[in-house]
1. Quick one: which residue in Arg227, Arg238 is surrounded by fewer than 17 Cβ atoms within 10 Å (Cβ to Cβ) and in contact (Cβ under 8 Å) with a residue 60 or more places away in the chain?
2. Just for the range 304-345: of the residues that are of a type in the set (Val, Ile, Thr) and outside any loop (DSSP other than H, G, I, E, B), which one is farthest from Asn287 (Cα to Cα)?
3. Only one of Ile141, Ile208 is crowded, with 21+ Cβ neighbours inside 10 Å and over 18 Å from the mean Cα position of the chain (by Cα). Can you tell me which?
4. Pick out the one residue from Glu276, Glu218, Glu228 that is within 19 Å of Tyr350 (Cβ to Cβ) and of a type in the set (D, E, K, R).
5. Can you report the number of residues in the range 1-33 which are of a type outside the set (Asp, Glu), over 22 Å from Glu228 (Cβ atoms) and surrounded by 10 or more Cβ atoms within 10 Å (Cβ to Cβ)?
6. Are any residues in the range 121-154 farther than 16 Å from Leu82 by Cβ, among the hydrophobic types (A, V, I, L, M, F, W, C), part of a helix (DSSP H, G or I) and without any contact (Cβ under 8 Å) to a residue 24 or more places away in the chain, and if so, which ones?
7. Have a look at Lys179, Lys146 and point out the one that is closer than 20 Å to Leu65 by Cα and buried (at least 22 other Cβ atoms within 10 Å of the Cβ).
Amino acid sequence: MVKQTPEYRAFKYLQHWLKEDDIQKLKAALSDGSSLFSYLLSKTEELYAQLPKRKDGQEALLHPLNVVLALRDAKINDQVTLSVGLLHDYVEEVVDVYRDELGLDEEGSDIEKLDQYEEEVFVKLEQDLLQHAPPDAVKTIISALKLLTRHKRDFYYRSISNIFNHNDEKLKEIAIQVKLADRTHNILSIENFTEENRNYQCFKNLFILNNTKKYLLESPSRMSFSREMPSTQLLFKRCAKATYDAYQMLCYLSMKKGIGQTKSMMQLAFKKFALEKAGMWEVTTVNPDETHLMRLFQGIVRKYDARLHHEWEKFESMKEAEYDYCRKFFADFKFTEKQIMALVDYKDAYSLKEVIAYLLYLPDYLMHRFLSSELTEDARICS
């Protein structure tokens with residue numbers, strides 16, 4: 001009887017989305033009897049059987065199936081979008097197998113070979129799809145997949161920006177929906193990652209969520225404050241909450257390393273930075289003359305931006321500057337080096353967790369200088 005109460009129904013409405021780790025359950029739940037989906041499922045299974053397990057130890061096929069499940073749970077039932085969800089990584093995975101078999105690099109003349117092979121894979125896939133679906137549907141599926149496929153010469157921002165800057169509204173919405181479902185399952189699958197890598201995966205989600213919030217704000221029809229919210233908004237909320245959970249777990253893991261004495265001081269320093277200084281409304285840079293603990297919350301986005309672009313020397317230099325500040329500021333605690341690293345992991349996770357909450361619950365909040373429309377021509381954050 002308890003499950004019939006309004007309170008329990010409210011819980012089910014607010015419950016965070018959960019991934020499914022049983023392939024057979026997923027296949028049974030997603031089977032709709034359509035010849036197109038059945039064909040694509042068989043084609044996807046054949047490819048993913050060749051792939052290694054995911055970093056969390058799960059079978060690779062779980063990922064595309066969970067993406068489709070997330071789309072279906074967001075009340076998306078059209079075969080085109082679900083097909084794109086199932087195939088969203090297909091071309092990238094085929095190209096990766098080809099790259100590894102030939103021992104190619106993602107630079108120089110090898111990039112041209114990979115680009116050419118990618119185009120060949122798309123042509124073959126389109127020919128195959130035309131035997132199972134109408135030409136208009138196939139055209140949309142292929143166009144959406146090209147929008148979602150990260151070309152080997154492109155870094156993350158450019159790949160994601162291609163989606164949000166696209167001029168075809170239908171394709172843009174399909175790609176955004178699939179990318180949100182994709183990143184939701186990815187962020188729910190980082191249990192085996194180090195704290196630093198968890199922070200990095202969450203950061204990648206933050207860029208997508210910030211841009212999706214702008215996309216939703218641009219048209220009132222894309223948002224609703226009732227329980228019957230549009231699919232894209234629902235996927236945005238689920239991805240944001242999954243990312244918030246991941247940051248929350250990071251905070252817990254960091255605190256377990258014996259740095260609990262600093263928790264209140266760091267949280268209040270962040271509140272001062274965010275509320276008094278409005279420090280989280282745009283991408284900031286570090287002021288080397290700042291001695292207040294607020295300094296730790298400056299430049300966080302730029303630090304992970306350096307990692308995103310494989311600027312390892314810059315990334316390590318920014319981390320070391322943070323470690324050095326913590327050694328001096330918290331000298332009385334005589335923290336070990338592992339604890340100093342945990343302090344930095346904690347402040348990154350705590351502050352960006354709060355940004356996720358702002359995106360969810362502050363109606364007009366966006367982090368500026370961190371939008372696809374504000375990047376430089378070479379897809380970099382502006383100085």
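1. Only one candidate passes the filter, namely Arg227.
2. Looking at residues that are of a type in the set (Val, Ile, Thr) and outside any loop (DSSP other than H, G, I, E, B), I get Ile340.
3. Ile141
4. Glu276
5. Of the residues in the range 1-33, 8 are of a type outside the set (Asp, Glu), over 22 Å from Glu228 (Cβ atoms) and surrounded by 10 or more Cβ atoms within 10 Å (Cβ to Cβ).
6. Hit for the range 121-154 is Val123, nothing else.
7. Lys179
Table: residues versus (1) among the charged types (D, E, K, R); (2) within 15 Å of Phe203 (Cβ to Cβ); (3) touching a helix residue (DSSP H, G or I) at 6+ places or on another chain (Cβ under 9 Å).
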{"site": "His309", "(1), (2), (3)": "no, yes, yes"}
{"site": "Met318", "(1), (2), (3)": "no, yes, yes"}
{"site": "Met341", "(1), (2), (3)": "no, no, yes"}
{"site": "Asp348", "(1), (2), (3)": "yes, yes, yes"}
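The values are calculated or read from the model by the stated rules, or taken from the named source; none is laboratory data. These figures come from a predicted structure and were not determined experimentally. So basically every Cβ, Gly included, is an ideal-geometry build from the backbone, and we count neighbours across all protein chains shown.
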